[in-house]
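Scroll down for the structure; my scribbles are underneath it.
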């Protein structure tokens, strides 16, 4: 099972980074290039334990749906979202927030399995893993940009 591990330093307290990471509104904004929109479940505000969201987006030349659920929530230390329905065999995203001097280390572990046997493995090895890494990096830079300015207040008030 492939795993993507990213660590991002953000000059903001863990509670702020934690909340911004759960924001449907900020996710939609940071993924606007892909037309991501919440079409089911929690569609705005912050995700909480056992809540679901269904995302519609265009990735890899195709419109896709991905339904995920928050399966673990330990404010402001960590949360996990897992795919309930979508194109992957499995998809689990662990979000961890560690307080450090002058800020927070935001640590992502994305574990996923692709379908289609050897063909899926080849696509993952030569393209998909890099694509997913770039998506996470884009999202993390968006969280960082908002967390390190006064814009974070607007996100948490639902004004994005």
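The values are calculated or read from the model by the stated rules, or taken from the named source; none is laboratory data. Computed from a prediction, not measured in an experiment: that's the story for all the values here. When we count neighbours, we look across all protein chains shown, and the Cβ atoms used for this are built from the backbone with ideal geometry, even at glycine.
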Requested in this report: Please find, among 49, 66, the residue that is in contact (Cβ under 8 Å) with a residue 12 or more places away in the chain, in contact with a strand residue (DSSP E or B) (Cβ under 7 Å, 6 or more places away or on another chain) and surrounded by 14 or more Cβ atoms within 10 Å (Cβ to Cβ).
Outcome: 66
Query - Residues satisfying the stated conditions in segment 102-129, i.e. at pLDDT 95 or above and over 22 Å from residue 85 (Cα atoms) - result: 102, 103, 104, 105, 106, 107
Query raised in the report: Among strands (runs of 3 or more DSSP E) lying entirely in segment 1-66, which contain 3 or more residues that are closer than 19 Å to residue 95 by Cα and within 16 Å of the chain's Cα centre (by Cα)?
Result: 3-10, 52-59
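Could you tell me whether residue 94 is farther than 20 Å from residue 44 by Cβ and touching a residue at least 60 places away in the same chain (Cβ under 8 Å)? Before you say what the answer is, go through the steps one by one.
Working: farther than 20 Å from residue 44 by Cβ: yes; touching a residue at least 60 places away in the same chain (Cβ under 8 Å): no.
Judged against the criteria, residue 94 is not a match.
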Query - In segment 136-155, the residues that are surrounded by 19 or more Cβ atoms within 10 Å (Cβ to Cβ) and either at pLDDT below 85 or more than 16 Å from residue 18 (Cβ to Cβ) (or both) - result: 155
Requested in this report: Determine whether residue 113 is surrounded by fewer than 18 Cβ atoms within 10 Å (Cβ to Cβ), over 16 Å from residue 22 (Cα atoms) and touching a helix residue (DSSP H, G or I) at 6+ places or on another chain (Cβ under 6 Å).
Outcome: no
